[in-house]
1. Using a 1.4 Å probe over the heavy atoms of the protein chains, calculate the carbon and sulfur portion of the accessible area of the chain as a whole percent.
2. Kindly report the accessible area of the chain per residue (heavy atoms of protein chains, probe 1.4 Å, no ligands, DNA or RNA), in Å².
3. Straight-line reach from LYS36: which lysines fall under 16 Å, measuring Cα to Cα and dropping same-chain residues less than 8 apart?
4. Based only on Cα atoms, what mean projected area does the convex hull of segment 94-140 have, in nm²?
5. How much length is gained on full extension from ALA169 to ALA194, taking 0.36 nm per residue of separation minus their Cα-Cα distance?
6. Using only the Cα atoms of segment 77-198, build the gyration tensor, take square roots of its eigenvalues as a ≥ b ≥ c, and label the shape rounded, prolate or oblate: rounded if a/c is under 1.5, else prolate if a/b is larger than b/c, else oblate.
7. Take the alpha-carbon centre of segment 94-156, take the same for segment 1-46, and report the distance between them in whole Å.
8. Which residue, MET177, MET21, MET100, has the most motion in a Gaussian network model of the chain that connects Cα atoms within less than 10 Å?
Amino acid sequence: MVKIAAMGDNVVDCYLSKNTMFPGGSCLNVSVFIRKFGGESAYVGAIGRDRASDIIATALADEGVDITHLRRLDGPTAYCVIGHRNADRVFVNYDLGISMFEPAEADHAFIGGYDAVHIGQSSGLDSRLARVAGENRLSYDFSDKFTDQRIAEIAPLCFLASVSAKDDAKDNALALMHQVLAAGAEWVLVTRGAQGAILGHGDDIFEVPAYRTTVVDTLGAGDTFIARTLYGVIKGETPNALLEAAAKAAAETCGYYGAVGHGAPIDISVDVEALRMAYPDL
């Protein structure tokens, strides 16, 4: 069985219009999606001791994700306030709480038993990437936070490097993919939102269009695509087959609220009513 661990960020995504919070965060989402796709997964991260943390821990356990290295610390669980414009998520406000943590030696030993480890740029763990890559295959999500310098430093460490270029023309997306490949990544995934995605490996380029679907909420779609791509590459699926499966899975994620479901009433220290007044169009 494919075994993939995710280490890093988590939040509760708080939807103003729904008065509902959902477990989320790029790395948490990937750990849940890997399990949904049939793999064995683990999540390594930090949450508080509040109601929001209970929602996260319960959801991960219910999804079958290994949480033996999910630690509870004193302090608030991270949150992100989410609005929507034409079903596309808009980040309104956030607090990282205690989600920015330092992995322990036991965490490194634990993830060493997995086929790959996924870390995202929002996890605050860039200083750990070289060590993780030296001990395991590293999947890293740049999201849309990439510069020439960051690509040059991080791409050589990556088994799979993922970048978001949803608003870019295809030529620009291809140029970005070639840049990350040339910098040393073994596989490069460029997600392009409604334009689909491109996967590069060596001199080979594979492309898939986005699935047509009724979009309710785009939050988590990119994480879905990354998780299914990583799962498929590790499993040895053909690039075209895994991209097709990833596009379909991402479309399914767009069909419901919250990246991984498990919604509950908002229960965090934030003035929701004030935010609603400040952002009436969301």
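1. The nonpolar share, carbon plus sulfur, comes to 49 percent.
2. Counting only protein heavy atoms, the per-residue value for the chain is 41 Å².
3. The reachable lysines, counting only those whose Cα sits under 16 Å from LYS36, are LYS3, LYS235, LYS248.
4. 3.4 nm²
5. Length gained, ALA169 through ALA194: 7.8 nm.
6. In terms of gyration-tensor shape, oblate.
7. Segment 94-156 and segment 1-46 have Cα centres separated by 15 Å.
8. Highest fluctuation among the options: MET100.
The values are calculated or read from the model by the stated rules, or taken from the named source; none is laboratory data. Every value quoted in this text rests on a predicted model; they were computed, and no experiment measured them. No Cβ is skipped: glycine too gets one built from the backbone with ideal geometry, and neighbour counts run over all protein chains shown. Ligands, DNA and RNA are stripped out before the accessible areas are found, and what is left, the full protein with its side chains, is counted by its heavy atoms. Shrake-Rupley method; radii C 1.70, N 1.55, O 1.52, S 1.80 Å.
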